[in-house]
Amino acid sequence: MRDFSAGHELLSINTATVRKQWPLDRIIDECARRNVRAISPWRDQVATVGLAKIARQLKETGIVLSGYCRGGFFPAADAAGRLAALEDNRRAVDEALMLGAPCLVLVVGSLPGALTGSPAYCDISRARGEVRDGIGAALEYARQAGMPLAIEPLHPMQAADRACVNTLEQALDLCDELDRGGSGALGVAVDLYHVWWDPKLEAQIARAGTERLLAYHVSDWLLPTRDLLNDRGMMGDGVIELKKCRRWVEEAGFSGFSEVEIFSETWWQKPGGDVLDTCIERHMRVV
């Protein structure tokens, strides 16, 4: 297993971790100041500052991307909505290419309208079918562009609104169906916050292997968890067996960045510099 204790060369910061403190251009500058080599930005953060400006800043600082967040949300109430989702995913692919991302992360969506409390339908099997078809259609464009897509399974607590793909096994089944032979065009993003509990996790990570393991995200699961979305823990503050899981991922062939992604009202209230410094320290010590 790689030694993280001597430095943070393999750390990436998902920019959601300090999104409430700073705009994306400031986040990049603060990461560069701390010799953080990689980030994973969100599309809305990029749009606020400007795609061309962020691309120039990344080149100037030498910071690379470990992923780009996010595509997905394929299900819709009607055909027009599904077409709009596909067009938005194509734009996301184009943005990821301009920023030099190694993959576009997909949060696939579920019951359309559920995020606002008014789902258009309650048939999760239908939603999963629309996810499958949507990924398949997006994959055609992404493959031609040379941008791998990474399906991120989300915890079952978010099955109704954010993602009806909830286990690594489900995500890999989609990969095998839509990308037969493992071309590298379709894989998975393993976010430990969402999959740490899965009794099949070790076996499914091994199944994914080098070609399917496109991104690896870390944080921690707090006891108690007070919010379904925005109460992730800093690594070492919860119950996830971080080193064990990283060993599984690396034994399966993953050699990329370890990406810290923390949605937390608690950490968003702290000074951004303190958050980044803590991420670096915990990444070296407990990840």
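Odds and ends about this structure:
- Helical mean residue ellipticity (222 nm; -39500 (n - 2.57) per DSSP H run of 4+; nearest 500) of the chain: -13500 deg cm²/dmol
- Inter-label distance for R2 and L97, nm, one decimal - labels placed 7 Å from Cα along Cα-to-Cβ: 2.8
- Where (i) -0.71, -1.17, -1.34; (ii) -0.88, -1.13, -1.20; (iii) -0.60, -1.02, -1.18 are the candidate values, the label of the one calculated here for log10 I(q)/I(0) by the Debye sum over Cα atoms at q = 0.11, 0.14, 0.15 Å⁻¹ is (iii).
- Start at zero, step by 10 Å, and the Cα-Cα distances of the stretch 153-273 spread as 13, 44, 32, 10, 1 percent across the bins.
- Since only A137, L86, L24 are under comparison, the one whose Cα sits farthest along the positive direction of the charge dipole of the chain, derived from C-beta charges on Lys, Arg, Asp and Glu, is L24.
- Note on Q269/C122: beta-carbon distance plugged into 1/(1 + (r/R0)^6) with R0 of 30 Å gives a FRET efficiency of 0.25.
- Near N166: Cβ cut-off under 13 Å, other residues only, Lys/Arg at +1 and Asp/Glu at -1. The net charge is -3.
- Cα gyration tensor category, rounded, prolate or oblate, for the stretch 78-219 with a/c compared to 1.5: oblate
- Across the stretch 54-120, Cα-Cα pairs more than 13 Å apart make up 67 percent of the total.
- Antiparallel bridges, percent of DSSP beta bridges restricted to the chain (to nearest 5): 5
- Extension gain, E140 back to R34 (0.36 nm per residue minus Cα-Cα distance, nm): 34.3 nm
- 0 to 90° range, to nearest 10: angle between helix 124-145 axis and the chain longest Cα axis: 70
- Beta bridge orientation in the stretch 168-275: antiparallel %, DSSP, nearest 5: 25
- Note on the stretch 94-136: Rg/Rh from Cα positions, Kirkwood definition for Rh, rounded to two decimals, is 1.13.
Quick note: the coordinates plus some simple rules give every number you see, no bench work behind them. Every value quoted in this text rests on a predicted model; they were computed, and no experiment measured them. Here Cβ is always computed from backbone atoms with ideal geometry, including for glycine, and neighbour counts include all displayed protein chains.
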